[in-house]
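Peer 1: Quick one: structure below, then a few questions.
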Amino acid sequence: MRAFTKIYGGHPLHAVGLLLSFALVGYVVALMGPQALWNNDVWWKSVLVWFFGSVLLHDAVLFPLYSLADRLLTGIPRHRLAVSPVNFVRVPALGAALTFLMFFPGILSQGAQSYRAATGLTQEPFLGRWLALTAVLFTVSAAAYFTRWTLVRSRA
């Protein structure tokens, strides 16, 4: 087991998880057929284009940005703070990011005609509601941080 971990660089369960993920993707592609991944009519609506675009967007833009933000948070000297703010920033940021990822077509008003035809409503409230949810997440996290900070300072 140690030899595998030394060669692979991670726990064997990580390798098993990756192999299962690749097997699932292979099964889905085999079931759908490779032709389903490419749209000959409108190339930019193809699954492959969106997949590689999202990988590039994440790896070239988003990963360096949130890694830099995390480095700045974790780089604060420990003796200056009674309580580390890292998780009090990470949790609401993750909640806001995942909510945006799930609802970004509505937030960015994409497919407005289809949405109106299906529901009879507009996508107008999506952006405001997402911003309000993000503000609530960060406000609750800030309140939790300052409560924790106060408790730690009062004990000291």
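The values are calculated or read from the model by the stated rules, or taken from the named source; none is laboratory data. Values in this document were obtained by computation on a predicted structure and should not be read as measured data. Cβ atoms come from the backbone with ideal geometry, glycine included; neighbour counts cover every protein chain shown. Please note that ligands, DNA and RNA were not included when accessible areas were found on the heavy atoms of the full protein model with its side chains. Shrake-Rupley method; radii C 1.70, N 1.55, O 1.52, S 1.80 Å.
Peer 1: Classify the chain as rounded, prolate or oblate, taking a ≥ b ≥ c as the square roots of the eigenvalues of its Cα gyration tensor: rounded when a/c is under 1.5, otherwise prolate if a/b is larger than b/c and oblate if not.
Peer 2: Note, shape of the chain comes out oblate.
Peer 1: Shape verdict for the range 99-155, please, from the Cα gyration tensor: rounded (a/c under 1.5), prolate (a/b greater than b/c) or oblate.
Peer 2: prolate
Peer 1: So, in nm, how far is label His11 from label Ala143 when the simple model puts each one 7 Å beyond its Cα toward the Cβ?
Peer 2: So the label points at His11 and Ala143 sit 3.5 nm apart.
Peer 1: Measure off 7 Å from each Cα along the Cα-to-Cβ vector at Ala117 and Leu133, then give the distance between these two points in nanometres to one decimal.
Peer 2: With each label point 7 Å from Cα toward Cβ, the separation is 2.6 nm.
Peer 1: Right, another one. Taking a 1.4 Å probe, which of Arg2, Arg80, Arg153 shows the most accessible area, and what order do the others take after it?
Peer 2: Arg2, Arg80, Arg153
Peer 1: Based on DSSP H runs of at least 4 residues, each adding -39500 (n - 2.57), what is the mean residue ellipticity at 222 nm of the chain after dividing by all its residues, to the nearest 500 deg cm²/dmol? Write down the numbers at each step before the final one.
Peer 2: Working: 7 runs with 113 residues, N = 156.
Value at 222 nm, helices only: -24000 deg cm²/dmol.
Peer 1: Let me ask something else. When only C-alpha pairs under 8 Å and at least 6 residues apart count, what is the relative contact order of the range 78-156, in percent?
Peer 2: Values: 50 pairs, mean separation 34.5, N = 79.
Here the relative contact order equals 44 percent.
Peer 1: Could you give the nm distance between label points at Thr150 and Asp41, where each point is 7 Å from its Cα heading toward the beta carbon?
Peer 2: 5.9 nm
Peer 1: Would you list His14, His58 from the most to the least accessible area, probe 1.4 Å?
Peer 2: His14, His58
Peer 1: Now a separate question. With the contact rule set at Cα under 8 Å and sequence spacing of 6 or more, what percent relative contact order holds for the chain?
Peer 2: 17 percent
Peer 1: With a ≥ b ≥ c the root eigenvalues of the C-alpha gyration tensor of the range 1-78, is it rounded (a/c under 1.5), prolate (a/b larger than b/c) or oblate?
Peer 2: It comes out oblate by the Cα gyration axes.
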